[in-house]
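> This structure is in structure tokens; I'll ask about it shortly.
The values are calculated or read from the model by the stated rules, or taken from the named source; none is laboratory data. All values derive from a computational prediction rather than experimental measurement. Here the Cβ positions follow ideal geometry from the backbone for every residue, glycine too, while neighbour counts run over all protein chains shown. Side chains included, ligands, DNA and RNA excluded: accessible areas come from the protein's heavy atoms. Shrake-Rupley method; radii C 1.70, N 1.55, O 1.52, S 1.80 Å.
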Amino acid sequence: MQAAHDVGLGEDVTASPPRRGPRKSTMRGVLADTRALSAAVLVAGCGALVLAIAGPLLILFTRGIRDYEVVASALQSPSFKAVCLIAGCVGTVSMFVGTFSYRRMPTRVSRGQAIIGAIAGLEAACLAFVVALFVRGDMATFALNFLNFDGVLDQTGAFLEGMKNTLVITVVSTVCGVALGLVVALLAVSKRAIVRAPARVYVNVVRGTPLLVLLSLLYFGLALGLRINWTPFVAVIVGLTINAGAYCGEIFRAGLQSLERGQMEAARGLGFSYSKSMRLILVPQAVRRVIPPLMNEFIIVTKDTSLIVFIGVSLNKRDLFSVASQGYSHYFNASFYVASALGYLIITLPLIWIVNKAEKRLRSGLVALG
Amino acid sequence: MRVRRGTSADPKSGRWPRGEWNSSGLIQAQGLHKWFGDNEVLHGIDLTVDTGEVIAIIGPSGSGKSTLLRCLNLLELPDYGQVIFKGQDITDVRVDLNAVRSRIGIVFQSYNLFPHLSVLENVAIALREIRKLSRREADVAARAELHRVGLQDKIDAMPGHLSGGQQQRVAIARALGMKPDVMLFDEITSALDPELVGEVLEVLRMLASDHMTMVLVTHEMSFAREVGTRLVFMDDGRIVEEGDPRQLFSAPKTERLKRFLVDLGDR
Ligand SMILES: Nc1ncnc2c1ncn2[C@@H]1O[C@H](COP(=O)(O)OP(=O)(O)OP(=O)(O)O)[C@@H](O)[C@H]1O
Ligand SMILES: [Mg+2]
């Protein structure tokens, strides 16, 4: 590493000290001319970051995380604090050294090393000091309430069932919402105001109302008016569909309007009717363009399913959040929420990954082309 | 009185514009007026296109050449006046415009290929969906058209991977596939790099030698002189001068055409 560094600097090093020496104070001169400095900042900064992340975890895992009392004592142990403080201090030092020296680094590589080391140090310091500050508090109560998974593990089956139901609600409402949104978008791009108006009203009312209010009105109000007696499960699917329909409508409208005017003209010029031009030429292109925002809507709906608890929870079809909140009320243990957060991440992280992939493909032009 | 697209009567006389027209005309524009807001872009255009003619329209930027061309297949609805295609007034609202447009090919400056479809599919889709050919027949016909414009080896490419000249030739093949009675070209070489203009003009020459009826808006004066059977000079929404291209270029009658040609020469 050091050898490679020296080779990389070869020509610059001989040229730079005489030029810079006289202009800088001696302290700064030393900083700029120390060839190993950038590498040292890099190693220290990244080392501090690794220590800040892995150190506390290592302590927790070697002592065992099954028993929350052991976890609490590990969090308050001197070694835990020491690790945080060491990581924080080393991080701080590399942050300052890197910040004040990177401009004087002689090569692009060493400059980059100093910058990365400084940023890694900053991140390490923030993380380590926040954790150190946090564990000064009442860790016994914290572990009892948030890291006590005894009750949660008894309910593993219920959690899996909850994840399944959450996924069902999400998929059904998103698919219906996307279909509804496409119809709304087609109305919204009409040249006749009379056709656009209902779409605009629908989209703006739904976008302008809290989803919770919409769900409540829908569940309780519609039940009275239409004399239907539906379960919260179905009501939430309908509510989320209506909500997603409005947002997807806006997404599709933006997608359609982003297409060049010439596409419609070319289609009409060939003799396609308006509806065929839309169906065969414009909509397929618009859909390709809006895949990332649509996937994003999917993620949002996943999380919005949790609002079902506010209109009532049926025992046989509980979503992830209902399972968690019932476990919480039963045991007075917030670890159920921690577990549900993990459950949501298990659903959403793969989706987020797919969104990012789709966006990359879109940017590299592959989706746009076909 | 028949219901018309746009408003009904001539703005000045308050009567239907009534031109004498020669029944052999394939497309005929009569007294076309077009406004964009307060901006009158066409001030009463009369133009007859006979079968087999190659009409070159020239004129300064903003003179309404594109608007006139787009009025001929009613992509732009004229506010007054009629367009008669094969003896039928297509400004009548009861006319099936989609059927009419499928008989009039149009090619734009910006190609406007469908980027989500392959080259073959760009040509074939209209044959299936409008001409109601089977997938096999449409593919055969599309291949033949692409062969005609020299793109037989780009059939499976996506439009985004083609050069501008190749894209424009696909656009021509797409329009030709419909076997139109007349082709409208709106400055189809203007967006091309100079070295790609030739291959597109070559296709136009081939069409001219096949006696395809064409109306082309162009800035390529030498090409207009070469293939045009008639030259139309437009300025400020009016046809200022029309006639034999060679004559017009060598001896322009109006001051405006003279100035236009001189300005062109200066550039
Ligand atoms: N959709 C439109 N809305 C408003 N104004 C328009 C529209 N299309 C054209 N115009 C105006 O009409 C006038 C004539 O435009 P047109 O495109 O027909 O000119 P052109 O002769 O084709 O010019 P160019 O050589 O630059 O293509 C211009 O002043 C233009 O600004
Ligand atoms: Mg034009």
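> Would you check if there is a residue in region A:325-348 being within 14 Å of chain B (Cβ to nearest Cβ), at negative phi and not in a helix (DSSP H, G or I)?
No - not one qualifying residue is present in region A:325-348.
> Please work out which one of (1) surrounded by fewer than 16 Cβ atoms within 10 Å (Cβ to Cβ); (2) modelled with pLDDT of 95 or more; (3) away from every other protein chain (no Cβ under 11 Å) is the condition B:Asp38 fails and give its number.
Only one criterion is unmet by B:Asp38, namely (2).
> Are there any pairs, at least 6 apart or on different chains, whose C-beta atoms fall under 6 Å, with the first in region B:53-66 and at negative phi and in contact (Cβ under 8 Å) with a residue 40 or more places away in the chain and the second part of a helix (DSSP H, G or I) and near ligand 1 (Cβ under 8 Å from one of its atoms), and if so, which?
These pairs meet every condition: B:Ile57/B:Lys65.
> Here is a further query. Residues in region A:264-303 that are closer than 14 Å to B:Ala126 by Cα, at the interface with another protein chain (Cβ under 9 Å from one of its Cβ atoms) and open to solvent by less than 20 Å² (accessible area, probe 1.4 Å): how many?
Summing the residues that are closer than 14 Å to B:Ala126 by Cα, at the interface with another protein chain (Cβ under 9 Å from one of its Cβ atoms) and open to solvent by less than 20 Å² (accessible area, probe 1.4 Å) in region A:264-303 gives 7.
> Can you tell which of B:Ala191, B:Ala173 is in contact (Cβ under 8 Å) with a residue 40 or more places away in the chain, within 16 Å of ligand 1 (Cβ to nearest atom) and either of a type in the set (Phe, Trp, Tyr) or within 13 Å of another protein chain (Cβ to nearest Cβ) (or both)?
B:Ala191
> Can I ask one more? Output the residue which, of all residues in region B:48-65 that are part of a strand (DSSP E or B) and within 16 Å of ligand 2 (Cβ to nearest atom), is farthest from B:Ser209 (Cα to Cα).
B:Ile58
> Scan region B:54-93 for residues that are of a type outside the set (A, V, I, L, M, F, W, C) and more than 15 Å from ligand 1 (Cβ to nearest atom) and jot them down.
B:Tyr80, B:Gly81, B:Gln82, B:Lys86, B:Gly87, B:Gln88, B:Asp89, B:Thr91, B:Asp92
> So which of B:Ala126, B:Ala144 is touching a Leu at 6+ places or on another chain (Cβ under 6 Å) and away from ligand 2 (no atom under 16 Å from the Cβ)?
Only one candidate passes the filter, namely B:Ala126.
> Yes or no: A:Ala246 open to solvent by less than 30 Å² (accessible area, probe 1.4 Å) and within 14 Å of chain B (Cβ to nearest Cβ)?
So A:Ala246 does not fit the description; no.
> Of (1) surrounded by 23 or more Cβ atoms within 10 Å (Cβ to Cβ); (2) within 16 Å of ligand 2 (Cβ to nearest atom); (3) at pLDDT 95 or above, B:Thr189 satisfies all except one. Which?
Of everything listed in (1) surrounded by 23 or more Cβ atoms within 10 Å (Cβ to Cβ); (2) within 16 Å of ligand 2 (Cβ to nearest atom); (3) at pLDDT 95 or above, B:Thr189 misses just condition (3).
Each row is one residue, and each column tells you yes or no for (1) more than 16 Å from ligand 1 (Cβ to nearest atom); (2) closer than 30 Å to B:Val140 by Cβ; (3) touching a strand residue (DSSP E or B) at 6+ places or on another chain (Cβ under 7 Å).
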| position | (1), (2), (3) |
| --- | --- |
| B:Gly177 | yes, yes, no |
| B:Asp181 | yes, yes, yes |
| B:His219 | no, no, no |
| B:Phe223 | no, no, no |
| B:Thr229 | yes, no, yes |
| B:Asp235 | no, no, no |
| B:Leu261 | no, no, no |
| B:Leu264 | no, no, no |
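> Of all residues in region B:82-133, how many are open to solvent by less than 20 Å² (accessible area, probe 1.4 Å), at the interface with chain A (Cβ under 8 Å from one of its Cβ atoms) and among the hydroxyl-bearing types (Ser, Thr, Tyr)?
1
> Moving on to the next point. Does region B:35-47 hold any residues that are more than 15 Å from ligand 2 (Cβ to nearest atom) and under 21 Å from B:Asp92 (Cα atoms), and which are they?
B:Trp35, B:His43, B:Gly44, B:Asp46, B:Leu47
> Starting from region B:229-243, keep only residues that are of a type in the set (D, E, K, R), then list their pairs with residues that are in a strand (DSSP E or B) and open to solvent by 10 Å² or more (accessible area, probe 1.4 Å) whose Cβ atoms are within a distance under 6 Å, requiring at least 6 positions of separation or different chains.
What qualifies is B:Arg238/B:His43.
> Moving on to the next point. What tally of residues in region B:66-115 results from selecting those that are more than 16 Å from ligand 2 (Cβ to nearest atom), hydroxyl-bearing (Ser, Thr, Tyr) and more than 20 Å from B:Arg128 (Cβ to Cβ)?
Looking only at that region, the number is 2.
> Answer yes or no as to whether B:Ser209 is over 14 Å from the mean Cα position of the chain (by Cα) and more than 16 Å from ligand 2 (Cβ to nearest atom).
yes
> Can B:Met183 be described as within 16 Å of the chain's Cα centre (by Cα) and either of a type in the set (Phe, Trp, Tyr) or more than 16 Å from ligand 2 (Cβ to nearest atom) (or both)?
yes
> So which helices (runs of 4 or more DSSP H) stay within region A:57-165 end to end and still have 1 or more residues that are modelled with pLDDT of 90 or more?
Once the helices (runs of 4 or more DSSP H) in region A:57-165 are filtered for at least 1 residues that are modelled with pLDDT of 90 or more, what remains is A:68-76, A:78-101, A:108-134, A:139-146.
> Within region B:156-173, count every residue that is open to solvent by less than 10 Å² (accessible area, probe 1.4 Å) and either of a type in the set (A, V, I, L, M, F, W, C) or more than 16 Å from ligand 2 (Cβ to nearest atom) (or both).
Matching residues across region B:156-173 total 6.
> From A:Ile251, A:Ile242, A:Ile308, which residue is at pLDDT 95 or above and in contact with an Asp or Glu (Cβ under 8 Å, 6 or more places away or on another chain)?
Just a single option satisfies the conditions, and that option is A:Ile251.
> Now a separate question. Would you say B:Glu202 is at negative phi and within 16 Å of ligand 1 (Cβ to nearest atom)?
In short, no.
> Also, quick follow-up: Out of (1) more than 14 Å from chain B (Cβ to nearest Cβ); (2) more than 28 Å from the chain's Cα centre (by Cα), the odd one out for A:Gly239 is which?
Here A:Gly239 meets the rest and fails (2).
> Examine region A:222-229 for a residue that is at positive phi, open to solvent by 60 Å² or more (accessible area, probe 1.4 Å) and more than 14 Å from chain B (Cβ to nearest Cβ), and state whether such a residue exists.
Yes: one or more hits.
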